[in-house]
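Okay, structure first, notes after.
What follows draws every value from the coordinates through simple rules; no lab data is involved. All figures in this text were calculated on a predicted structure; none of them were measured in a lab. Note: ideal-geometry Cβ built from the backbone for every residue, glycine included; neighbour counts use all protein chains shown.
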């Protein structure tokens, strides 16, 4: 069974950093691209960043470029999102999602909440 | 960026009704359009990929169609468990973008 479990969220002050993790199981992690998608409270979904199978290719939405870094450790079956210079508008639930070449984002984790507030 | 516009924003229908949700892209997305269902407090679930392909395990009452800039999700016979918000999503070009969602309610 495919499982994606996010962790590392919490309350953080503006300008500070946070690192999210997504532990994957039930599939061969290194064979799949991965991504982070966020959802602000009562709002819609917003793609944040994607990473290729080996980690060599990364993509970001403009609003997080230079502040967020997506990475992965295939030996640990874990996806990461390093979030620096956090802003109040980054407050959201962050989901990790598995990407396939056919269906695109097929499995999603349950999400982790990030609140940026002083 | 490709803007995805969903309509209506809220839809109220009766059990057994045929329901159609719409999604319009600001430019041609070449059928690279997925539909996700999100129930309250849950993660999104993939229903349809690449316009009209039913994801494994999804009931056959869900179907998708469209081309170019206009896409639809149809539920042939609405069930109580279909209460959710439905999002369309384009993966034709970066940045990847979602629609703002259609909230589906039961009358």
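See the values below:
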| item | result |
| --- | --- |
| Calculated FRET value between residue A:74 and residue B:92, using beta carbons and R₀ = 30 Å, to 0.05 | 0.60 |
| Alpha-carbon centroids, region B:5-68 and region A:72-98: separation in whole Å | 27 |
| Cα-projected label distance for residue A:67 with residue B:100, points at 7 Å along beta-carbon direction, nm | 2.2 |
| Length added when fully stretched, residue B:65-residue B:15, from 0.36 nm per residue minus Cα-Cα | 15.8 nm |
| Paired Rg and Dmax values of chain B, which use every Cα atom, in angstrom | 12.8, 38 |
| Candidates B:82, B:17, B:70, ranked by Gaussian network fluctuation over chain B, Cα under 10 Å, top entry | B:17 |
| Stretch gain in nm, segment residue B:83-residue B:56, where the contour uses 0.36 nm per residue and the Cα spacing is subtracted | 7.7 nm |
| Inter-label distance, nm, simple model (7 Å from Cα along the C-beta direction), residue A:31/residue A:101 | 1.2 |
| Counting all C-alpha pairs of region B:45-91, share separated by more than 16 Å (%) | 36 |
| Among A:47, A:108, A:36, residue whose mean-square fluctuation peaks in a GNM of chain A (springs only between Cα atoms under 10 Å) | A:47 |
| Within a Gaussian network of chain B (alpha carbon springs, distance under 10 Å), most fluctuating of B:27, B:37, B:90 | B:27 |
| Mean Cα-pair separation over length for region A:78-118, i.e. relative contact order, pairs under 8 Å, 6 or more apart, % | 42 |
| For chain A, average projected area of the Cα convex hull in nm² | 6.9 |
| Ranking of A:6, B:81 by count of other Cβ atoms within 10 Å, fewest first | B:81, A:6 |
| Region B:9-63: relative contact order as a whole-number percent, Cα under 8 Å and 6+ apart | 21 |
| Inverse of mean 1/r across different Cα pairs in the protein assembly as shown, Kirkwood, Å | 17.9 |
| Ranking of A:27, A:104 by count of other Cβ atoms within 10 Å, fewest first | A:27, A:104 |
